Amino acid sequence: MSSKMKKEFLDLGKHPIANAFLKEKDFDNEFLFDLKVVFDTESKLVSLKEFVEPEKIFNENYPYTTSNSFPMIKHFKETAEMLMKEFNPLTVMEIGSNDGVFLKNWSNDYTIGVEPCGNFAKVTKGMGYQTYNEFWTTGLSEKIKNDGYLLFDLIYAANCICHIHDLDDVFKAVKNLLHKDGVFVFEDPSLLKILERNSYDQIYDEHPHIFSITALDNILMKNGLKIFRVDNLSVHGGSNRVYVSHNRPVEPSVRENLQKEDDFGLNEFKTYQEFAKRVEKSKNDLVDLLVKLKNDGKRVMSIGATAKSTTVFNYCGIGVSPWQADLIELITDTTKDKQGMCAPGSHIPVVSRESIDINDYDYVYLGAWNFKDVIVNIESEFVQNGGKFITHVPNVSIGSAKWVPQGNINEFLVEWK
Ligand code: JHZ
């Protein structure tokens with residue numbers, strides 16, 4: 001890709017590594033980089049201007065485990081069942097197998113994982129799955145071949161392919177190990193949904209690329225592979241599941257998605273410039289709201305020490321600039337490895353949900369807004385006591401929840417104002 005084709009449209013300022021939770025003693029040595037975003041006018045790919053070395057991010061201290069975002073366990077079980085029914089694969093490989101939430105749905109005799117984070121590779125090895133504790137490259141694909149594995153009927157990756165810098169190498173490596181009738185299925189956040197919902201917080205070091213179907217179609221084609229189906233998913237605030245093969249007939253969902261993206265303007269640079277303006281407005285609105293609440297004597301905490309909230313807090317200066325130091329007092333998170341640490345850049349303390357009384361707070365900012373329905377229902381007592389939620393997606397707004405009958409059960413639904 002020629003750098004002449006890459007046009008910058010968004011500058012989110014200096015950012016830390018989104019999942020590098022840290023202790024106070026390490027505040028002075030925190031690594032920061034320029035988080036800027038570019039659009040490649042030729043391939044239509046949206047990428048970070050500056051990539052962070054993967055070894056700095058994905059190592060044995062990487063704290064994000066799929067199983068701590070417990071709704072995702074159901075998602076991956078259902079995905080595995082669907083793939084089993086549809087393609088009936090014998091040999092399966094997962095790229096980016098994390099702590100094995102997808103792998104465990106498959107027989108360990110014919111399934112292998114690839115995972116650069118040593119802490120997770122150890123977990124899936126312990127579950128009996130051969131796991132290559134390495135980054136996904138053509139070199140590794142050769143090694144797997146030389147180790148005597150048959151070509152794979154299914155290669156799967158979730159929230160992983162968009163984490164890798166060199167996409168030509170990624171797809172060459174897949175092509176190398178995909179059986180002639182095999183399918184490569186991967187899911188990642190959707191660029192269209194990010195632009196529609198203004199969820200700029202999907203932009204951080206771990207996402208060097210943000211995928212449209214348009215860009216993927218171009219890059220896969222160049223590497224001798226073809227998208228034959230696209231599913232639009234609700235997970236992670238809107239993702240695409242992309243089905244790729246050597247030569248299966250292309251289904252209507254591909255054209256429909258390309259058309260939807262073109263209609264929205266994803267092929268035009270000005271769409272990204274407009275998005276950048278909305279992002280700046282989102283920042284101003286969120287800071288204004290939090291400052292007003294502070295001045296009114298209200299207390300605000302956050303649920304979900306997400307990679308996404310690292311982007312929001314650092315871009316908005318929350319906890320970062322001295323005058324915004326205590327706009328959000330603390331963050332709760334279910335992940336043990338994040339508890340007792342401070343959030344990257346903002347240095348807001350992360351604690352377990354059980355260690356605090358949520359009723360001491362007036363507002364909860366949804367760092368994990370993608371799980372808002374789940375969180376609102378877990379926090380039913382807070383809601384009944386009049387507690388309110390704040391989100392910035394799709395607009396900065398305050399939500400209060402009310403009971404709404406959902407079939408046989410009553411669930412809280414949030415009304416945003
Ligand atoms: P969640 C990560 O992003 C990083 P993040 C990565 N780059 C990526 O692409 C996506 O995931 C897939 C906690 N939680 O899933 C658990 C609660 O505390 O939105 C998680 O730490 N209470 C790989 O970090 C976090 O919130 C709850 O009730 O943006 C959610 O993180 C629930 C449901 C979750 O991903």
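The numbers here are math on the coordinates, done by the rules we state, and not lab data. Here the structure is a predicted model, which means the values were calculated and not measured. Ideal geometry is used to build each Cβ from the backbone, glycine not excepted, and the neighbour counts take in all protein chains shown.
Here are a few things to note about the model shown:
- The distance between label points at Asn377 and Phe27 comes to 4.0 nm (points 7 Å beyond Cα on the Cα→Cβ vector).
- Extending 7 Å from Cα along the Cβ direction at Met221 and again at Ser107 yields two label points whose distance is 3.9 nm.
- Two-site FRET efficiency, Lys298 against Arg278, from Cβ-Cβ distance with R₀ of 25 Å, rounded to 0.05: 0.45
- A Förster radius of 22 Å, combined with the Cβ-Cβ distance separating Glu78 from Tyr149, puts the computed FRET efficiency at roughly 0.25.
- Shape call, the stretch 45-266: gyration tensor on alpha carbons, a/c limit 1.5: rounded
- Local electrostatic count, Asp34, Cβ distance below 9 Å [Lys/Arg +1, Asp/Glu -1]: +1
- Stretched out straight at 0.36 nm per residue, the stretch from Glu8 to Phe70 would grow longer than its current Cα-Cα span by 18.7 nm.
- Dividing the mean sequence gap of close Cα pairs (under 8 Å, 6+ apart) by how many residues the stretch 284-416 holds gives a relative contact order of 21 percent.
- Label-point separation, Lys172 to Val250 (7 Å along Cα→Cβ), nm: 2.4 nm
- Projecting the Cα atoms of Phe21, Leu90, Met127 onto the charge dipole of the stretch 19-145, computed from C-beta unit charges around the Cα centre, puts Leu90 farthest toward the positive end.
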